[in-house]
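Undergrad: First the structure, which I've put down as structure tokens, then a few questions once you've had a look.
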Amino acid sequence: MNAAIEKSVSPDGISKMLSIPKPDSFTHLPEIILQVTNLEPKGKSYGFDASDGKVKIKAIFSSRLSSEILSGNIQNLCLIRVLDYTVNEIPSKSEKFLIITKCEVVSPALEKEIKEVVEQEESDMGMPLKKPKLENEVKSENIKEAKGLILKPKQEIVAKSAAQIVHEQHGNMAPAARMAMTRRVHPLVSLNPYQGNWTIKVRVTSKGNMRTYRNARGEGCVFNVELTDGDGTQIQATMFNEAAKKFYDRFELGKVYYISKGTLRVANKQFKTVQNDYEMTLNENSEVEEASDEAACIPETKFKFVPIDQLGPYVNSKDLVDVIGIVQSVSPATSIRRKSNNETVPKRDIVVADETKKTVVVSLWNELATSVGQELQDIADKSPVVAIKSLKVGDFQGISLSTLGKSIVQVNPVIAESEKLRNWYDSEGKETSMASVGSGLSPSTKSGARSMYSDRVSLSHITSNPSLGEDKPAFFSIRAYISFIKPDQTMWYRACKTCNKKVTDALGGGYWCEGCQKNDAECSLRYIMVVKVSDGSGEGWVSAFNEEAEKIIGCSADELDLLKSQIGEENTYQQRLKEATWNPHLLRISVSQNEYNNEKRQRMTVRAVAPVDFAAESRFLLEEISKMKGSQ
């Protein structure tokens, strides 16, 4: 009986795997059978403890095996034959964990976990029980049942290792295919900054424009791409200077590549655009090779659509959104002159609607305005479906969307969401009355009032939740009064008239701007102040910067400084601050967490200010009353 149970798992199987942590295609792997224990979901995949009867190791299934688990083929306490794997380290814990990328089930779930059992039986001669028979001896005998468990011998068709299969197929392949088969491709989920050599196979699902920058070390250029592997895992890769020039034309949107000799680091949460704890950097020595014959196994662009009526919380935030909608109208292309560099760029607006019966204006910029924009204009009468990835949410005309250099626009995409939206529009949507997502809000375009009514909260909602803004800034709208402004605080800073960055006194007179790398005879003052705001539920301190502070105070920082410098019996400076208090405002607030003296503190910042539109405010209150009655 014990011989059969021992044979069900590979003795010392885990130690064998640890001795070959990253097998390649030509490594001859021994047969390794392990038991799956403590199986549980881990994000998009499943984690478990792999056991060989003696030792356990933390393990995770590649996400491509999730379907095997969901179908019930792989279960807790079942036995699997490991065909391909990677052993990684967890540097912070000095532990190793196992990633199973390929396996097959050799036995369904057992009644209990297999553990090493040491049993001895005395024979008439006082000798211990004989050792279990060898595998070739077992094959020559009938497989006997052990407590209801029947473990079939390994069939000839699966007895070959991955390396043997590759070797047999190797000679029949074209050179490019042979090169692909000899690679050891790592899933993105297995990569970490402490790993050595690796090769990934990924599709370029987003490509940004080449950008130039200037800092204290000089000028340079940079661009980035978003990469997706066969499991659907994504990562952002960035290239600077020589690497950017080398790979910008090589990377083409939608194509699949082998990439190696890159480096990883912990992603900056403030700037990351994909769900990955790490970001990749490629230098001029990195290797990028197109995998033209193996594109089918890598998923296309992945979307995470946000319904149009739920765009409010994203306004003026750093989070980008994906939107899908029916094109309602397309405007002719126009030219806009940028203030920053006086450059003229093409722009085209389209209006899209979705099942929420809301519409929103999407501004297409640069090449998207002239290429996809023209295509949409030509077929606008057919009401095409358009899916757009990576849109910036702004407050123009209530709520509006704008494309960026990395945005992707697909017309009539072949995806489930597109088919569902088309069916809705053809059956009822085309006869439905649509309303702008910003309708009913203040018409002011730069006041920030575009979502003052869609996600309104009280001050106490913010101040009583100290965890708000821990992972990323949270955005809310409030109606409040400016109740107090400290007159003795530092209310402004000296700024460069060109770039608005802080300036310092220059040798010989004037002001030095580090950003522009030049001296100026004059500078301007820009607000940076804190004020106390109050509503019916409580009060709190908020930070306000130049444009928002000007609307609160009613004058520029230069004008207020002039009042402060006047000498007379009447203090016009404090009088102006007093006049600015106890006036109602609609405020757009961002909430984040700052650390001060090893203590986390909640920081509220005013992002937009608008005067109270009492007609719109009345409509909002009536709607809230109706909702309260409806819920009773």
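Undergrad: Somewhere in the stretch 249-258, is a residue surrounded by 15 or more Cβ atoms within 10 Å (Cβ to Cβ), touching a residue at least 12 places away in the same chain (Cβ under 8 Å), out of contact with any His (no Cβ under 6 Å at 6 or more places or on another chain) and under 18 Å from residue 320 (Cβ atoms)?
TA: no
Undergrad: If the requirement is being in a strand (DSSP E or B) and either of a type in the set (Lys, Arg) or without any contact (Cβ under 8 Å) to a residue 40 or more places away in the chain (or both), which of these qualifies: 389, 420?
TA: On the way: 420 fails: in a strand (DSSP E or B).
389 is the lone residue from the list that is in a strand (DSSP E or B) and either of a type in the set (Lys, Arg) or without any contact (Cβ under 8 Å) to a residue 40 or more places away in the chain (or both).
Undergrad: While we're on this one: Residues that are under 30 Å from residue 499 (Cα atoms) and in contact with a strand residue (DSSP E or B) (Cβ under 6 Å, 6 or more places away or on another chain), at least 2 per element: which strands (runs of 3 or more DSSP E) completely within the stretch 299-355 meet that? Let's see the steps before the verdict.
TA: On the way: elements: 321-330, 334-337, 344-353.
Strands (runs of 3 or more DSSP E) meeting the threshold: 334-337, 344-353.
Undergrad: OK, next. For the stretch 506-539, what are the residues that are in contact with a Leu (Cβ under 9 Å, 6 or more places away or on another chain) and buried (at least 18 other Cβ atoms within 10 Å of the Cβ)?
TA: Residues satisfying the conditions are 525, 527, 533, 535.
Undergrad: The conditions are (1) touching a residue at least 40 places away in the same chain (Cβ under 8 Å); (2) crowded, with 22+ Cβ neighbours inside 10 Å; (3) closer than 20 Å to residue 435 by Cα, and residue 350 fails exactly one of them. Which is it?
TA: For residue 350, the exception is condition (1).
Undergrad: Something else now. Between 318, 392, which is under 26 Å from residue 456 (Cβ atoms), within 24 Å of the chain's Cα centre (by Cα) and at pLDDT below 90? Let's see the steps before the verdict.
TA: On the way: 392 fails: at pLDDT below 90.
Just one listed residue meets the conditions, 318.
Undergrad: What tally of residues in the stretch 28-75 results from selecting those that are within 19 Å of residue 190 (Cβ to Cβ), touching a Lys or Arg at 6+ places or on another chain (Cβ under 9 Å) and among the acidic types (Asp, Glu)?
TA: The number of residues fulfilling the criteria is 1.
Undergrad: Just the residues that are among the hydroxyl-bearing types (Ser, Thr, Tyr) and modelled with pLDDT under 90, please, taken from the stretch 543-570. If you could, list the steps in order and put the result at the bottom.
TA: Step one: filter the stretch 543-570 for residues among the hydroxyl-bearing types (Ser, Thr, Tyr), giving 543, 556, 565.
Correct list: 565 only.
Undergrad: Moving to a separate point now. If a residue must be buried (at least 21 other Cβ atoms within 10 Å of the Cβ), β-branched (Val, Ile, Thr) and part of a strand (DSSP E or B), how many such residues does the stretch 206-244 contain?
TA: 3
Undergrad: Considering only residues that are touching a Ser or Thr at 6+ places or on another chain (Cβ under 8 Å) and of a type in the set (S, T, N, Q), look in the stretch 594-632 and name the one that is surrounded by the most Cβ atoms within 10 Å (Cβ to Cβ). Outline the logic, then answer.
TA: Step one: filter the stretch 594-632 for residues touching a Ser or Thr at 6+ places or on another chain (Cβ under 8 Å), giving 602-611, 613, 616.
Among the residues that remain, those that are also of a type in the set (S, T, N, Q) are: 602, 605.
Values: 602: 18, 605: 16.
Taking the candidates together, the pick is 602.
Undergrad: In addition: Run residue 251 past the list (1) closer than 25 Å to residue 387 by Cα; (2) part of a strand (DSSP E or B) and report the number of the one that doesn't hold.
TA: (2)
Each row is one residue, and each column tells you yes or no for (1) in contact with a Phe, Trp or Tyr (Cβ under 7 Å, 6 or more places away or on another chain); (2) at pLDDT below 90; (3) farther than 30 Å from residue 207 by Cβ; (4) loosely packed, with under 14 Cβ neighbours inside 10 Å.
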residue	(1), (2), (3), (4)
398	no, yes, yes, no
406	no, yes, no, no
420	no, no, no, yes
426	no, no, yes, yes
433	no, yes, yes, yes
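Undergrad: Would you please name the residue that is nearest to residue 110 (Cα to Cα), looking only at residues in the stretch 32-83 that are acidic (Asp, Glu) and surrounded by fewer than 20 Cβ atoms within 10 Å (Cβ to Cβ)?
TA: This residue is 49.
The values are calculated or read from the model by the stated rules, or taken from the named source; none is laboratory data. Note that the structure is a prediction, hence the values are computed from the model and not measured. Positions of Cβ are generated from backbone atoms using ideal geometry, with glycine treated the same way; all protein chains shown enter the neighbour counts.
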